[in-house]
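Comments concern the structure below.
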Amino acid sequence: MSGMGRSLRDKQSGLLLDEPLIFERSRSGQMGVDVAMDADGGEDLLPEELRRGAIDGMPEVSEPEVVRHFLRLSQWNLSAATTFYPLGSCTMKYNPIANEAAARIPGFANLHPMTPDDMAQGALELMFELQAMLAEVSGMDAVSLQPAAGAQGELTGMKMIRAYHRDRGDTRRTVLIPASAHGTNPASAALCGYEVQQLEGNSLGVVEAAAVRRAIGPHVAALMITNPNTLGIFEREIAQVAEVVHGAGGLVYLDGANFNALMGVAKPGHMGADVLQFNLHKTFSTPHGGGGPGAGPVGVREVLADYLPNPRIVRDGDRWRWRDAAPKSIGRVRSFHGNFGMFVRAYTYIKALGGDGLMRATRMAVLNANYLRARLQETYHLAVKGLCMHECVLTDRHLEPTGIKTLDVAKRLLDHGFYAPTIYFPLVVAGALMIEPTESESLETLDQFVAAMEAIAREARENPDAIHAAPTLTPVGRLDEARAARNPVLRWRAAAPAADDPAGDGD
Amino acid sequence: MRFLPQTEESVRSMLAAIGVDGLDDLFRDVPAELRATANVDLAAGLPESETLRRLRELAVRNDGASALSFLGAGAYPHFVPAAVDNLLQRAEFYSAYTPYQPEVSQGTLQAIFEFQSMVAMLLGLDVANASMYDGASAAAEAALMALRVQRKRERLIVARSLHPQYRQVLETYLQGVRDAELVEVGFAADGRIDSAALEQMLDDRAAAVIVGTPNFFGVIEDVAAIARLAARRGALVVTATAEAMALAAVRSPGELGADIAVAEGQSLGVPLSYGGPGVGLFAARDRHVRSLPGRLVGEALDSDGRRGYVLTLATREQHIRRERATSNICTNQGLIALAVTVYLSLMGKEGLRRVGLVNLQRAHRAQALLAKGAVQARFTAPFFNEFSLRVKDVDATLRRARDAGIVAGVPLGEWYPELADCLLVAVTEEHSQAEIERLAEVVA
C-alpha cells in the first residue's frame, strides 16, 4: 500500500496534482474580475497620508486559474457529503441541499440588517417561528437566536447567570464542570470571571447527585453539564442533580452540543436546565463550513428570560418589531441579529422534517451509534459498557501489545476512505476514539466502517509498521505539528521584504 | 423521510445485532418521566417543493431586499463575482468540519493559510487568525487581548464614534472581567476622535485605545496621530473597521501604527443576509502572537518533506488550555473566510485598488450632489464610501424616500441624540449614477 501511496503522491499526475498557494500562481498584470472605472484618478479624494495604492502581495490571477485553484483545494478535503465522517460530538449529519437554495433566495440574501422592520417582516416571522420551534423541541420558555456559535451561546448563558446572581446581590464565584466537558465550558465560564471547580463522574462517566451535593455550596453560581455527556451516556440523575443545584441557589447550564440525542426523548426544560445553547450546525443540519459559520441560539426558562440579549422580536398589532424588550438584558453579544443565513437553513430543515421527522432523526442516530458500539466492542475496548446514546467511545487498550495507538488507528482510517473519529477526547478516557455516526448513514456504510476498523485491528497485530506509515493515500503524509508550532509560519510573504518594512506590507 | 437512509429491514437487523427488541429499548437509561413529556409537537414534515414554497412566501415579504437602499452602518452591498458562491457550494468545503485531521483537510487548511496571509496584508500587520464571528466580537476579543498583553493596565478607552453595536458587544464581553474598565472618548466637530480629550485620558492605567476607522459616521480617523499619543503613554491602539472595503483605498491600520486591527469582512464577497453570517478579521503584531484568540493555521512538513498545513499554536486554545485559554471560541466563520479568500483572489491587487477608487468616487460625487441648500455634510474629515448628512427633518426625509421606493439611510439619532438631525448614507460601486440622482431628488 505504501508503495502505491508514494507514486500517487508525486503530484504530477492523476487526482493528486499539486496545487501551489494562490500567491505562487500570481503573474503581474493578471486580474480575475474586470472592474469598470467611472473615470481615472480619485486618489486625490483622500489626503496623501491616508492614500493606499495597490497592495503588494495580493494575488494577480485570472478567473479560470482562481476557479481551478479552489476546485483543486476542495478535492483535498474529505467532507460529510463525500465520506462517512464519524467525528464524535460534532454531529456531521447530511446538510440538505434545499437549505442552501433557501438561504440564497434574494429576499433573504439581499436583505440589509438595518432595514426598517416593516420591510423585513418575512425575516422577523421566520426568526420568531424558529425561536418557537426550538422552544418546543427543548421545553424551554424563551429563545434568543443572537449568539454566533455554540461557544458564544455558552458565553451568553453564563453572562445571564452572572447577571441573575448580581441582581440578587449575590457574588458567587464558582462554576462546577464535570471533567468530561468540552473545553469551551471552562473557557466560557472563565470569560465571565468564574473559577472552575471540576466534578468527577462515576465509573460510568455519569454525574451523580451525591457528588454534586458534596461539591455544592453558596459559592456555586452554576453547574455546566452536557447531556448526553461526552461519553455518549445519558445523565440519568440530571433531574436530581438540578434539584441539588437549585436548592443551593445555583442555576443549571445545559450544554446542548449533544442535542441530536434528545429530540423526542427528553426535553432539557424538564430536566431542570435553566439555560442551554443549540448548535444549529450540529442538530439542525446547517453546514459546518470547515469550521463555521455556526449558530448558537440560547433557550432559557422563565427565571432567566429578562436577561436575554437585546433586541427581542415582539408582536406589535399585526406586525413584528425589534424591541429592547428584555428589561435586565446582558446586552448584545453580536452585531445585528445573529447568523441569519443559518436560521434560514435550520428553519428549512425543521419544516422538512416536522416534529415526527426530528424525533425519527434522533432515534436513527441513536440506533446507528449503538449498532457501531455493538459491532466494535469486541475488537476495541469500550470505555463505558452498556447502551449509548448518539455516540460511543472506544479506546486503543486492546491494541496495547501491538504498539498501535489511537492516533495510528485514526490515520489508517483515512487510507480506508473514512474521516477519523474525535480522538483523545473526552480527556477522562485514555486513548479515546469517539464515534458519532448520526442518522444520515445507511447500514451498508456502517458495515464498511466496521470492516475497516476490524481490518486495522488485524493489521495492528500482523503488520504494525504499515499502520505507523499511515496515511499513505492522502496528498500529504503525517505532518510534523510539533515543529510547526516551534517555528510558526502563519502567512505567505512576498519575497524579501525590505528591511525598513517589518509588516511586509510594502505600500 | 428523505434524509434517513435506513429501511425498516435494516432497522430490524440492527436491533438484533444490538440485542434489543425495539427502538424504545435503546432509551431505557432515560428516566420514564422525562420520556413521557418529550413529544415534539410541531407540524408534519413537508416535501421539498412545499418547504421551499413556504420559504419563498416569507422571503417575498422582505420588501427591503429589493428596494433601492443606501443603508450601510456596518453592512454594505457590494458586487460578488459569480465564481465566489459557486466555489462556496462545493460540499467538500461546506460539509467538512474544523480540520482536525490535516492529511484529509488540506483544502480547508491551505485556504485558511491564504486567508490569514491576505488579512494580514489588508490590515498591514504581521499575523492574522483564521477568523472571528464578526467585526463586533472581534473588537471585543481585541480588547481582551489588549488586557492580557498589558498586564497591569485595566482601562480601555473607547471612541464614542465606534459602531454602537460594537461598543455594546464590548460592554457585554467585559462583564465579569476583573478590574476592567471602559471609558468613552467623544468626537470633535470634524467627526474624528476628540484628540485633546484623548490626550487627557491617556495615563499609565490605559491598556488600549479602541477606535473605529472609518468610524460609525463614515469618517476616517487619523490613526497615526492616535498612535503617537497612545505610544507616549504605553497604550496599545486597536482599530475596528466595519467596512473592510475601505482597506482597498485607505492606508492600512498597521502601517499607521495600530497594534491590533480587526474588521468586519462581509463587504469582501459575502451577501448581506440580514447581517449574518459575516466574518471577523483579526490581525496583530508578531510579538503578540501567543496572545491571539482563535485558530491559527501554519505551514508544516510531512515525513517526506512535502509542504502542508496544520492547525498550530493550539496551546492557546480552549480544547487544550480550558479555563486558561486566550478565548472560548471554537467554531468560527470558516466558510465565510473562504468566501473572502476567493473574492480577494479574483479581485486581486489591481481589481481591489480599482473597486476602492470607484467607491471613493461615487460616494464623493453623491455627497456633493446631496449636500445642497438645507442639506449639509455633517462632518468635514475625510471619508471613504459613507457620510453623515444634516437634514431638516430626518423622519420626513425618510418618509419621502420610502414613498419613492428608496431606503435613504440610517438615522443617527437612535444612538446619538446629539445627531438627531443626521442621516448616514452609504454609496458603493453597486449604486449607479441614476440611482444616486434619484436619492438626491427626494433628499433635497
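Every number in this text was worked out from the coordinates using simple rules, so none of it is lab data. Just so it is clear, the structure is predicted and the values come from calculations on it, not from any experiment. So basically every Cβ, Gly included, is an ideal-geometry build from the backbone, and we count neighbours across all protein chains shown.
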Exercise. Counting each DSSP H run of 4 or more residues in chain A as -39500 (n - 2.57), what helix-only mean residue ellipticity at 222 nm follows after dividing by all residues, to the nearest 500 deg cm²/dmol?
Worked result: -10500 deg cm²/dmol
For this session: Rounded to whole Å and sorted largest first, list the principal axis extents of the Cα atoms in the protein assembly as shown.
Result: 84, 64, 59
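What order do you get for B:38-50, A:465-477 when each peptide is scored by the mean count of other beta carbon atoms within 10 Å, highest first?
Values: B:38-50: 14.4, A:465-477: 20.9.
Ranking the peptides B:38-50, A:465-477 by packing returns A:465-477, B:38-50.
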Seminar exercise, completed: For peptide B:357-369, the mean count of other chain Cβ atoms within 10 Å per residue Cβ is 3
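How well do other chains shield peptide A:337-348, expressed as the mean number of their Cβ atoms within 10 Å of each residue Cβ? Before the final figure, lay out the partial values.
On the way: counts 4, 6, 10, 6, 10, 3, 3, 5, 0, 0, 4, 6.
So the per-residue partner count for this stretch is 5.
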Problem set entry | Karplus (6.51, -1.76, 1.60) ³J(HN,Hα), θ = phi - 60°, over segment A:44-52, in Hz, Gly and Pro reported as x | 6, 6, 10, x, 3, 5, 9, 6, 10
For this session: Starting from the amide H of A:L199, placed 1.01 Å from N in the peptide plane, find each other amide H under 5 Å away whose residue is 5 or more places distant or on another chain.
Result: A:I177, A:A179
Exercise. From the square roots a ≥ b ≥ c of the eigenvalues of the alpha-carbon gyration tensor of segment A:85-146, which class results: rounded (a/c under 1.5), prolate (a/b over b/c), or oblate?
Worked result: oblate
Problem set entry | Whether chain A is rounded, prolate or oblate, judged on the alpha carbon gyration tensor where a/c under 1.5 counts as rounded | oblate
Exercise. Hey, can you list the DSSP H helices of chain A whose Cα span along the axis is 20 Å or longer and whose average Kyte-Doolittle score is at least 0.5?
Worked result: A:121-138
Exercise. Got a sec to turn the phi values of segment B:172-178 into Karplus ³J(HN,Hα) couplings, 6.51 cos²θ - 1.76 cosθ + 1.60 with θ = phi - 60°, whole Hz, x for Gly and Pro?
Worked result: 5, 5, 7, 4, x, 7, 4
Seminar exercise, completed: As straight-line cross-link partners of A:K282, the qualifying lysines (C-alpha separation under 19 Å, not fewer than 8 residues apart within one chain) are A:K93, A:K267, A:K351
For this session: Starting from segment B:18-80, pick out the trypsin sites (Lys or Arg not before Pro) whose DSSP state is loop and whose Cβ has at most 16 other Cβ atoms within 10 Å.
Result: B:R28
For this session: Return the whole-Å distance between the Cα centroid of segment B:340-412 and the Cα centroid of segment A:41-92.
Result: 27 Å
Exercise. Once amide H atoms are built 1.01 Å from N in the peptide plane, which residues 5 or more positions from B:C330, or in another chain, come under 5 Å H to H?
Worked result: A:A151
Problem set entry | Within 10 Å of each Cβ in B:132-143, the average number of Cβ atoms from other chains | 4
For this session: Towards the positive end of the charge dipole of segment A:356-476, with charges on Cβ (+1 Lys, Arg; -1 Asp, Glu), say which of A:L473, A:A365, A:P426 has the farthest Cα.
Result: A:P426
Seminar exercise, completed: In degrees, nearest 10, the alpha-carbon axis of helix B:8-18 is tilted away from the dominant principal axis of the alpha carbons of chain B by 70 degrees
Exercise. With a ≥ b ≥ c the root eigenvalues of the C-alpha gyration tensor of segment A:171-244, is it rounded (a/c under 1.5), prolate (a/b larger than b/c) or oblate?
Worked result: oblate
For this session: Report the antiparallel proportion of the DSSP beta bridges in chain B as a percent, rounded to a multiple of 5.
Result: 55 percent
Exercise. In terms of modelled amide H atoms, which long-range or inter-chain residues lie less than 5 Å from the amide H of A:G331?
Worked result: A:N310
For this session: Determine the distance separating the Cα centre of segment A:298-316 from the Cα centre of segment B:126-150; give it in Å without decimals.
Result: 28 Å
Problem set entry | Cα-based helix-to-principal-axis angle, B:48-60 vs chain B, degrees rounded to 10 | 20 degrees
Problem set entry | On Cα atoms only, tilt of B:334-370 relative to the major axis of chain B in degrees | 30 degrees
